[in-house]
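These notes are about the structure you will find just below.
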Amino acid sequence: MSQYLQELNAKLADGVARLPETLRRRHSTYLAGKQNPDGGFPGREGESDLYYTGFALRGLAVLDALTPEIGERSAVYLRGCMSRQTSVVDFFSFLYACVLVQASTGKDVLVDAPSDWPDRVASMLGTFRTPDNGYNKSPGAASGSTYHTFLMGLCFELLGRSLPNPAEVLAFVQARRRDDGGYVEVSAMRRSGTNPTAAGLGLLQLIHGRTLMKAEAEPTIEYLAQMPSMEGGLRANDRIPLADALSTFTGCWTLFQLEAIDRINARQAFRYVQSLELPDGGFLGGVWDEATDVEYTFYGLGSLAILHGS
């Protein structure tokens, strides 16, 4: 598994284990109950989807509730997805799901793949590269996406390979940093966002093997410290009044990595995330949301794990 993902998973699993057993059981039941007969997991309704299957398995894994039975059913679904053409997001979800299934069942979803499959996949991923040395969700894009470049780095790690041309990718991500200390998703943007900042810091960690040095990190810490809303959670950017579960998770994880989670009111953020939890399991995306799904449930659990005891 990717070292970055190992560190993330270990932190979340440790934090979740410290949450009340009733909470853990409630969300384990919720996530397990979302599995479709084909072994995959859906979004808010409908057919199984690789993206949501990845999040459901990640949530079950940090809850220590990814049983061999759930893993076996998921393996069937994942094998059926091997020949599909997918986006970078779905391909990352597929690779990570395969790792989690193998950890829970001991079985390799890719056991019947050709021996040169990783080489062929790595070559295919190279076609997603953009002229500015980033990557985008599909081949032929004019410029790179900070988020998709980060996911691409994780994909190469999951394939047991280093991100190609790291110096050029480093220049790409450095060019996405703005004077406010944060990072932007696309080059034309002038004001940073919480989620691109998390992706930018993640990329730097993949390239350097570490986060920013303290002096370099201070402007980024200061930027993220301004993102909590009146509700206590983190906003996607400083022009949005309301917090959301995704930005709260990515912002808190980034602050934790920078050893600066104390720069926000962690107790207030914790209460915000608790307010998104439903009694029967699952988390909303924000106070404005009306339904739960497995993705936001992962963000909710992850945020509680990071903030608990902070």
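Bear in mind that the values in this text are calculations on the coordinates, not laboratory data. The structure displayed is predicted, hence computed values, not measured ones. Please note: Cβ atoms are built from the backbone with ideal geometry, for glycine as well, and neighbour counts cover all protein chains shown.
Would you list which lysines come within 25 Å of K214, measuring only between C-alpha atoms, while excluding same-chain residues fewer than 8 positions from it?
Counting by Cα, and skipping residues close in sequence, K214 has these lysines nearby: K11.
Straight-line reach only, C-alpha to C-alpha below 15 angstrom: list the aspartates and glutamates that K137 could link to, leaving out same-chain residues fewer than 8 apart.
Result set, ordered by chain and number: D90, E185.
Please rank L151, L57, L258, fewest neighbouring Cβ atoms within 10 Å first, as an exposure proxy.
Taking fewest neighbouring Cβ atoms as first place, the list is L258, L151, L57.
What's the exposure ranking of F41, F94, going from fewest to most Cβ atoms within 10 Å?
Working: F41 29, F94 22.
Taking fewest neighbouring Cβ atoms as first place, the list is F94, F41.
Counting each DSSP H run of 4 or more residues in the chain as -39500 (n - 2.57), what helix-only mean residue ellipticity at 222 nm follows after dividing by all residues, to the nearest 500 deg cm²/dmol? Mind showing how you got there, number by number?
On the way: 13 runs with 167 residues, N = 310.
Rounded to the nearest 500, it is -17000 deg cm²/dmol.
Can you give me the C-alpha center-to-center distance between the stretch 122-158 and the stretch 177-255, rounded to a whole angstrom?
21
To the nearest 20 debye, what charge dipole does the chain have about its Cα centre, counting +1 at the Cβ of each Lys and Arg and -1 at the Cβ of each Asp and Glu? Provide the component values of the computation, followed by the final result.
Details: 28 positive and 35 negative charges, 69 e Å.
Dipole about the Cα centre, nearest 20: 340 debye.
Between E290 and E222, what's the calculated FRET efficiency when r is the beta-carbon distance and R0 is 41 Å? Round to 0.05. Don't skip to the answer; put the middle values down first.
On the way: r = 34 Å, r/R0 = 0.84.
So, using R0 = 41 Å, E works out to roughly 0.75.
Run through every distinct alpha carbon pair of the chain and return the Kirkwood hydrodynamic radius in angstroms, one decimal place. Let's see the in-between values first.
Values: mean 1/r = 0.0507 Å⁻¹.
Over the chain, the inverse of the mean reciprocal pair distance is 19.7 Å.
So what is the relative contact order of the chain, in percent, for Cα pairs below 8 Å that sit 6 or more residues apart? All intermediate terms of the calculation are to be shown ahead of the outcome.
Working: 517 pairs, mean separation 53.7, N = 310.
Computed over the chain, the figure is 17 percent.
Which value results when the Cα radius of gyration for the stretch 227-310 is divided by 2.2 N^0.38 Å? Write out the running numbers ahead of the final one.
On the way: Rg = 11.5 Å, N = 84, 2.2 N^0.38 = 11.8 Å.
Cα-based Rg divided by the globular estimate yields 0.97.
Top mean-square fluctuation among L100, L159, L276, Gaussian network model of the chain, C-alpha springs under 10 Å?
L159
At a threshold of 8 angstrom on Cα-Cα distance, excluding pairs fewer than six apart, so keeping six or more, what relative contact order does the stretch 227-310 reach in percent?
On the way: 128 pairs, mean separation 24.8, N = 84.
Reported relative contact order: 30 percent.
Could you tell me the calculated FRET efficiency between A188 and A215, based on Cβ-Cβ distance and R0 = 35 angstrom, to the nearest 0.05? Before the final figure, lay out each step's value.
Numbers: r = 29 Å, r/R0 = 0.82.
It comes to 0.75.
Using Cα positions and a limit of under 24 Å, work out the lysines in reach of K34, with same-chain residues fewer than 8 apart set aside.
In chain and number order, the partners are K107.
Can you put S93, S83 in order of Cβ neighbours within 10 angstrom, beginning with the fewest? Walk me through the numbers on the way to the answer.
Working: S93 24, S83 6.
Neighbour counts put them in this order, fewest first: S83, S93.
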